[in-house]
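To start, the structure under review is shown below, and the notes come after it.
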């Protein structure tokens, strides 16, 4: 099977035997079990008996996993997906995690520069500045101040401008 993890294509095989799984990736094989742990998941490595707690959120056709302070965005690769269509998505601002919109610093048709803070998102009592990754203009704003958003939700569409 093929998936993308943080925009990197990964080919893997996942086998299930009873309540255990075997994940094969390149030359690695990892036997593990998964348990529900409150609202999270506990992944237990069977070989060395280590455990990792995962925060898992589903968002449209993607899954966001937080493990040991690292974020992984997992999505299936469609057969007709092209690199150029993915690059367009990178211009947009998406919510990296669930939260509440505290501030929108621009309006539609405003010009933004790479690095400008466009949206301020509060998540777990922390304010996160979501910045433009390109020079361009605000084509569409999909949220309003005070809105609750989920992970990977499209917040602002930015049309890139050639320099």
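The values are calculated or read from the model by the stated rules, or taken from the named source; none is laboratory data. These figures come from a predicted structure and were not determined experimentally. Heads up, the Cβs are rebuilt from the backbone with ideal geometry, glycines too, and the neighbour counts pull from every protein chain shown.
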Does at least one position in segment 69-80 carry a residue that is surrounded by 12 or more Cβ atoms within 10 Å (Cβ to Cβ), modelled with pLDDT of 80 or more, out of contact with any helix residue (DSSP H, G or I) (no Cβ under 9 Å at 6 or more places or on another chain) and assigned to a strand (DSSP E or B)? no
If a residue must be closer than 13 Å to residue 157 by Cβ and either surrounded by fewer than 14 Cβ atoms within 10 Å (Cβ to Cβ) or touching a residue at least 60 places away in the same chain (Cβ under 8 Å) (or both), how many such residues does segment 111-132 contain? 0
Selection status of residue 138, in contact (Cβ under 8 Å) with a residue 40 or more places away in the chain and surrounded by 13 or more Cβ atoms within 10 Å (Cβ to Cβ): no
Restricted to segment 133-163 and to residues being outside any strand (DSSP E or B) and over 29 Å from residue 56 (Cβ atoms), the residue modelled with the lowest pLDDT is 163
Residue under question is residue 9, and the condition is that it be surrounded by 13 or more Cβ atoms within 10 Å (Cβ to Cβ), at pLDDT 75 or above, over 14 Å from the mean Cα position of the chain (by Cα) and not assigned by TED's automatic domain parsing to the domain that holds residue 119; does it hold? no
